[in-house]
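What follows is a set of notes on a single structure, which appears directly below.
The values are calculated or read from the model by the stated rules, or taken from the named source; none is laboratory data. Everything numeric in this text was worked out from a predicted model, so none of it was measured. Cβ sites come from the backbone with ideal geometry, for glycine too, and all protein chains shown count toward neighbours.
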């Protein structure tokens, strides 16, 4: 008897939940959806003051072993050396790449969908190994859909 009651309650919940979720006029248009995509994309590309500091919390240890004198003609042990130069260089190039991508997103947000799509295509050609390629491909599709919806008369 209890299992029948539980099953009946479950069926009622399943029948009521979709009815509540569908409200008239709640579905966004294709244009609104694409613009929301570009706003969220722009937010994800903006850098924060904390972004570069997140990975610097790693702790490392170095052990030294006494032994033979380790002098080398190639490296002066008294010369200061900066660790992380390669990481800083990579972070700088990633930031420049993100800024270029964000500029193309700005074009679309300003209502210049065709120019934005062209800028995304140029970005894809210039950075074929970018970490943003999936986002770029989706942005190209969204920008082209914005261009076609803007060309159609509203009515």
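Checking residue 106 against (1) more than 30 Å from residue 33 (Cβ to Cβ); (2) at pLDDT 90 or above, which test does it fail?
Unmet for residue 106, out of (1) more than 30 Å from residue 33 (Cβ to Cβ); (2) at pLDDT 90 or above: (1).
Given the conditions (1) under 29 Å from residue 139 (Cα atoms); (2) exposed (fewer than 10 other Cβ atoms within 10 Å of the Cβ); (3) at pLDDT below 70, which single one is not true for residue 26?
Failing condition for residue 26: (3).
Can you tell me which of (1) assigned to a loop (DSSP other than H, G, I, E, B); (2) closer than 17 Å to residue 42 by Cβ is the one residue 129 doesn't meet?
Just one mismatch for residue 129, condition (2).
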